[in-house]
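Coordinate-derived values only; no laboratory data. All values derive from a computational prediction rather than experimental measurement. Heads up, the Cβs are rebuilt from the backbone with ideal geometry, glycines too, and the neighbour counts pull from every protein chain shown.
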Amino acid sequence: MNQDRAVPQLHWLEGNRHVITPLVAPDSRQEKQSALFLDRDGVINKDVNFLGDPSQLILLPGAPEAIRLLQERFVVIVVTNQSGIARGMFTEDNLFAVHTEMASKLTAEEVRLDAFYYCPHHPTGTVSEYSVECQCRKPSPGMLAAAAQDYNIDLGSSFLVGDTPRDVQAAVAVGVIGIKVGELDGLPNGTPTVDSLLAAASQIQETVQDSASIKS
């Protein structure tokens, strides 16, 4: 892999967004795009239980390859609950540093991300600013809906890969196809399950190819 690629520049926008690909003004957008929504911990990187230190970021085997397989076809957006902020375990500045490190590591693997959408809230948090009921914390679909508006996304042709039932529930709430990494738990029969993001990427490729064959 090319280790000399330029480090991507993250932009911290209002609405709990760390954006890499610049947003396009609504009146100049092209036709709708499909998105690959990704949960973060346990899907892209090792879940270390409240990751607030960039030095603890470890990409999971196969994760860069998985995103690389799909990045030309989809807008790639991370959607992640980060209640550690509400719990006082780390700050939004710490989270921005983690996402900067992730973007840098993935760029070194020739992988492109477009944005991170995060929820810093938790209703029983210890930091009053974030101790609220919200519409962005999965299983609520607020992050998906916001990204759809920002990037002109066709949710019906988009996918979400996560490792908890709430990830899939958020996807289903807005018509996105949800795929769960790990054992089926608390989800109805018929929910696709795989053992890794790479396996999910292969399944998504097959689904998209089958759909294209039917249309042709």
* Karplus-derived HN-Hα couplings along the stretch 119-133 (A = 6.51, B = -1.76, C = 1.60, θ = phi - 60°), whole Hz, x at Gly and Pro -> 10, x, 9, 7, x, 10, x, 9, 9, 4, 4, 10, 7, 9, 6
* Taking the highest mean first, how do the peptides 120-126, 79-85 order by number of other beta carbon atoms within 10 angstrom per residue? -> 79-85, 120-126
* **Normalised contact order of the stretch 11-215, rounded percent, pairs of Cα under 8 Å and 6 or more residues apart** => 23 percent
* **GluC sites (Glu not before Pro) within the stretch 81-172, DSSP loop, no more than 14 other Cβ atoms inside 10 Å** => 110, 129, 133
* Please give the per residue volume of the convex hull enclosing the alpha carbon atoms of the stretch 73-182, rounded to a whole number of Å³. => 114 Å³
* Asked: When the chain is treated as a GNM, springs tying every alpha-carbon pair under 10 Å, which of 139, 64, 22 comes out with the largest mean-square fluctuation?
  -> 22
* Asked: For the chain, with only Lys/Arg (+1) and Asp/Glu (-1) charged at the beta-carbon, what is the dipole magnitude about the Cα centre, in debye rounded to 20?
  -> 220 debye
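How about the stretch 68-144: which trypsin sites (Lys or Arg not before Pro) there lie in a loop by DSSP and see at most 12 other Cβ atoms within 10 Å?
In loop regions of the stretch 68-144 (DSSP not H, G, I, E or B), there are no sparsely surrounded trypsin sites (Lys or Arg not before Pro).
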* Pair-distance profile P(r), taking every C-alpha pair of the chain, with 10 angstrom steps and integer % -> 8, 35, 40, 16, 2, 0
